[in-house]
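Each value in this text was obtained by applying a stated rule to the coordinates, not by laboratory testing. Note that the structure is a prediction, hence the values are computed from the model and not measured. Cβ: placed from backbone, ideal geometry, glycine included. Neighbour counts: every protein chain shown.
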């Protein structure tokens, strides 16, 4: 189990959040619908500037989803918000 007080690397946490979304077809579909991203381009898009911040924006935009991610990842919700701020750029929500 991960220690909830330690701040993970923001990009690593966003990658973990993307894997979390990918593990749930409904949530991944919702993310793709919001972003307009074609599922076949997700790996390519993940390399683009701002994509990882967008993943965290999506997680942070839905409290229920955030709490589920937090519970499953062992990362406190406030750490997710801190990681998002560390990635910079504008919020999608």
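Quick one: angle between helix 25-35 and the longest Cα principal axis of the chain, in degrees between 0 and 90, rounded to 10, please. Roughly 70 degrees, rounded to the nearest 10. Spin-label model, residue 46 to residue 85: label points 7 Å out along the Cα-to-beta-carbon direction sit 2.7 nm apart.
Each 10 Å bin from zero up to the one holding the largest Cα-Cα distance in the range 14-67 carries the following percent of pairs: 24, 66, 10.
Calculated mean residue ellipticity, 222 nm, the chain: -19000 deg cm²/dmol, from DSSP H runs (n ≥ 4) at -39500 (n - 2.57) each, averaged per residue and rounded to 500.
With contacts defined as alpha carbon pairs under 8 Å and 6 or more residues apart, what's the relative contact order of the range 10-87 in percent? Don't skip to the end; give the middle numbers.
On the way: 51 pairs, mean separation 32.6, N = 78.
Normalised by residue count, the contact order of the range 10-87 is 42 percent.
Calculated from the structure at hand, Kirkwood radius over Cα pairs in Å is found among (1) 15.0; (2) 13.1; (3) 13.5 as (2). To the nearest 10 degrees, how steep is helix 51-60 against the longest Cα principal axis of the chain, on a 0 to 90 scale? That helix lies at roughly 60 degrees to the long axis.
Potential lengthening of the chain between residue 34 and residue 19 amounts to 3.7 nm, from the contour at 0.36 nm per residue minus the alpha-carbon distance.
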